[in-house]
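A quick write-up on the structure given underneath.
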Amino acid sequence: LTCLTCLVCFIASMPPPSVTGVASHATLGVFKKLWRRRDPVLRSWEDCGQPKITLQVGSESALLGIYQTAKDNGVPTFIVVDAGRTQIAPNTRTVIAVGPARIEDVDKVTNHLKLL
C-alpha cells in the first residue's frame, strides 16, 4: 500500500484556504515529478485510491529537516516555496509532499507528527 502525506508548516497568518491551496500545490507538484519519470509508484497509489493525509510541522527549519530526511531515504518529495502574493512572505517554504510511497517508508519520516 502507498500513501502521500502533505506536511504543512504551521504559520499563524496562513488562513485555511491558503493551507488548502499550498497542500494542493504540493500534491500536484510531486505527482508531476513522478509522472515525468514514469515512476510505477503512481499506479500503485492510484490503485489504492490515492490516499492522502495532512500533518502539521511547527517551523520552517523542522520542515526542511524532514524534507532532507525523506530525500535521504529515497522517498519522493516536493517542496512549495510561497510566491508572497498573499499573507505569507515571499520564499517561505510552506508545505512539502512526502510520497507517494510505501506507507512504511512515509511513516519512517512522518510518524512523529500530528494531524493538522
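The values are calculated or read from the model by the stated rules, or taken from the named source; none is laboratory data. These figures come from a predicted structure and were not determined experimentally. Counting neighbours? That spans all protein chains shown, and the Cβs are built from the backbone with ideal geometry, glycine included. In case anyone asks, the SASA skips ligands and DNA or RNA and just uses the protein heavy atoms, side chains included. Shrake-Rupley method; radii C 1.70, N 1.55, O 1.52, S 1.80 Å.
Odds and ends about this structure:
- Residue within segment 74-93 that is farther than 18 Å from Leu28 by Cβ and at pLDDT 95 or above present: yes
- Test for Cys9: is it at pLDDT 95 or above, open to solvent by less than 40 Å² (accessible area, probe 1.4 Å) and either under 14 Å from the mean Cα position of the chain (by Cα) or within 23 Å of Arg85 (Cβ to Cβ) (or both): no
- Checked across segment 34-42, the condition of being farther than 25 Å from Lys114 by Cβ, open to solvent by 30 Å² or more (accessible area, probe 1.4 Å) and of a type in the set (Phe, Trp, Tyr) holds for at least one residue.
- Residue count for segment 87-98, restricted to those that are in contact with a helix residue (DSSP H, G or I) (Cβ under 6 Å, 6 or more places away or on another chain) and either open to solvent by 20 Å² or more (accessible area, probe 1.4 Å) or farther than 25 Å from Leu42 by Cα (or both): 1
- The residue that is least open to solvent (accessible area, probe 1.4 Å), among those in segment 54-84 that are among the polar types (S, T, N, Q) and touching a residue at least 60 places away in the same chain (Cβ under 8 Å), is Thr54.
- Just one residue in the set Thr27, Thr2 is surrounded by 13 or more Cβ atoms within 10 Å (Cβ to Cβ), touching a residue at least 24 places away in the same chain (Cβ under 8 Å) and in contact with a helix residue (DSSP H, G or I) (Cβ under 6 Å, 6 or more places away or on another chain); that residue is Thr2.
- Leu55 vs. criteria hydrophobic (A, V, I, L, M, F, W, C) and more than 11 Å from Leu7 (Cα to Cα): no
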